[in-house]
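Just so it is clear, none of the values below were taken in a lab; they were calculated from the coordinates. Remember, predicted model here, so these are calculated numbers, not experimental data. Quick reminder, even Gly has a Cβ in these numbers, built from the backbone with ideal geometry, and neighbours come from all protein chains shown.
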Amino acid sequence: MNIIRVKDVEQSAEKALEIYQNAVQHGAKVLGLATGSTPIPLYQKLATSQIDFSELVSINLDEYLGLDGEDEQSYRYFMTKHLFQYKPFKHSYVPDGKSEDHEAAIKAYDRIIAEHPIDLQLLGIGRNGHIGFNEPGTPFDSTTHIVNLTQSTVAANARFFEKESDVPTQAISMGIASVMSAKKILLIATGESKAEAVAATINGPITEDVPASILQKHSDVTIIIDEAAASKL
Ligand SMILES: O=P(O)(O)OC[C@H]1O[C@](O)(CO)[C@@H](O)[C@@H]1O
């Protein structure tokens, strides 16, 4: 694991931008993307950068079940708002949260990942160590699947909704094995609320109780953390 400690959120985004510039210059063709508040400063820098994504493919980690791409709370909408409207990709895949046939949507997404091997996978991390929507207890060999969100995750994501009861309780998420299949992984964690999860991910045992701890087994992981997120290392 390559740990990059930075002073604050701004520096985390600057450092992450360098990694994207380098990856695209070296021929990256498929970018695994994440949502949540952590990646927003990076997306702002990518949106105003000189990088051309029009020949690249993006594959997003997850999508709430029951929301379609036009729903302002959907992750497709989030990605369009923060990145795709400024930097279109050749194709941007997001799991289908509105499919009537979840099994078909899951199989289709696994096929997309198999046909487009991810060169650089961006991750945030949940306060409970989740990656994507892979909550604690998710098998390390999981591929795309339907997840039941924990109360901690529903509460953490409620800030984007009118009220907590509006937060979907299920999502369709790339699995941990799907994430681990990426050639390179970049995890960004900022803020005190992630300090425990970061310490468990980097120094803790590899356990399904902390999904991100599996990253210790990946050959090319970079973790960018600010001082607050590094405070329990
Ligand atoms: O970056 P945030 O908003 O703290 O979210 C942390 C994690 O929670 C999720 O948004 C899922 O709830 C992940 O996609 C994200 O990595």
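Some points to look at:
- Shape call, the range 2-225: gyration tensor on alpha carbons, a/c limit 1.5: rounded
- Cα→Cβ-extended label distance, 7 Å offset, between GLN25 and ASP166, nm: 4.3
- Net length gained if the chain between SER152 and MET1 were fully extended (0.36 nm per residue, minus Cα distance): 51.6 nm
- Where only DSSP H runs of four or more residues are counted, the chain gives -8000 deg cm²/dmol as its mean residue ellipticity at 222 nm, each run worth -39500 (n - 2.57).
- Near LEU123, the amide H atoms lying under 5 Å from its own belong to LEU186, LEU187, ILE188; only residues 5 or more places off or on other chains count, and H is placed 1.01 Å from N.
- Listed residues ALA182, ALA155, ALA13, most fluctuating in the chain (Gaussian network, C-alpha, under 10 Å): ALA155
- FRET efficiency for the LYS107 to LYS183 pair, using the beta carbon distance and R₀ = 25 Å, is estimated at 0.60.
- Segment GLU55-HIS91, length gained on full extension (0.36 nm per residue, minus Cα span): 12.1 nm
- Using C-alpha pairs under 8 Å with a sequence gap of at least 6, the mean separation divided by the residue count of the range 1-147 gives a relative contact order of 26 percent.
- Between ILE112, ILE223, ILE188, the GNM of the chain built on Cα springs shorter than 10 angstrom shows ILE112 fluctuating the most.
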